[in-house]
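The values are calculated or read from the model by the stated rules, or taken from the named source; none is laboratory data. Source: prediction; values computed, not measured. Every residue, glycine among them, receives a Cβ derived from its backbone with ideal geometry; neighbour counts consider all protein chains shown.
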Amino acid sequence: MSSKLIAPSILAADFANLQRDVEMVNESEADWFHIDIMDGVFVPNISFGMPVLQAIAQHAKKTIDVHLMIVDPDKYIKTFADLGSDVLTVHYEACTHLHRTLQAIKAEDMKAGVALNPHTNVNVLEDTIKDIDLVCIMSVNPGFGGQSFIENTYSKVKQLKDLITRKGASTQIEIDGGVTNKNAKQLVDAGADVLVAGSYVFKSNTQKETIKDLKAIANS
């Protein structure tokens, strides 16, 4: 069985010490950098844009997993590829022509991800699942870090896992929001492959240890 991945969410990092926090992730047992791009339209918050991503990419030594919480993501696919994104995730709710968007992401040599808001049923991916490399299940409402985990997530992950298996797809399942050592094992047991952890990692006094422990729990 493939190893379960930990992706610290840079949204929760200390922006005044961003390089330090990026180096910490580099030196830790984390697998990916998870980077949220918000436009203040699709979600009620603005995070950071291209120059900050570019700065992170210059120092990051691990997979860069970019989560676009923006309207009209198609306009920026090439830009994010040029900035060094390895995985580009768009929101199902923001894409009118999802299949075309997925093809455009892959054409830029990135893995294509689709994020689902808490209220969106996994069945909407029935027709595209084989074209999707990663599905990001939002386990909080997107827009702000530090929110409480939505309990319905477990059954949603199981449903998605069933869909992936039924269709013979090789899609990874990522969980974003409220992940801690308390729910990591249950999420992995339900079918999760990648755990995004923001506040839980960056608010810890022993960040590398917290990542190490989370990775151990996820792979136990």
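Overview of values
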| quantity | calculated |
| --- | --- |
| Qualifying residue in the range 175-191 (condition: in contact with a Ser or Thr (Cβ under 6 Å, 6 or more places away or on another chain) and not aliphatic (A, V, I, L, M)) | yes |
| Failed criterion for residue 113 (all others in (1) touching a Ser or Thr at 6+ places or on another chain (Cβ under 6 Å); (2) more than 17 Å from residue 161 (Cβ to Cβ) hold) | (2) |
| Test: residue 43 is out of contact with any Leu (no Cβ under 7 Å at 6 or more places or on another chain), at pLDDT below 95 and not in a loop (DSSP other than H, G, I, E, B) | no |
| Selected residue (only one of 42, 80, 33, 48 is farther than 27 Å from residue 130 by Cα and either under 16 Å from the mean Cα position of the chain (by Cα) or aromatic (Phe, Trp, Tyr) (or both)) | 48 |
| Criterion: out of contact with any Pro (no Cβ under 8 Å at 6 or more places or on another chain), assigned to a helix (DSSP H, G or I) and in contact (Cβ under 8 Å) with a residue 12 or more places away in the chain - qualifying residue of 78, 61 | 78 |
| Pairs where the first residue, in the range 36-47, is of a type in the set (S, T, N, Q) and the second is surrounded by fewer than 20 Cβ atoms within 10 Å (Cβ to Cβ), C-beta under 6 Å, 6+ apart | 45/143; 45/144 |
| Test for residue 56: is it of a type in the set (A, V, I, L, M) and either more than 18 Å from residue 144 (Cβ to Cβ) or touching a Lys or Arg at 6+ places or on another chain (Cβ under 9 Å) (or both) | yes |
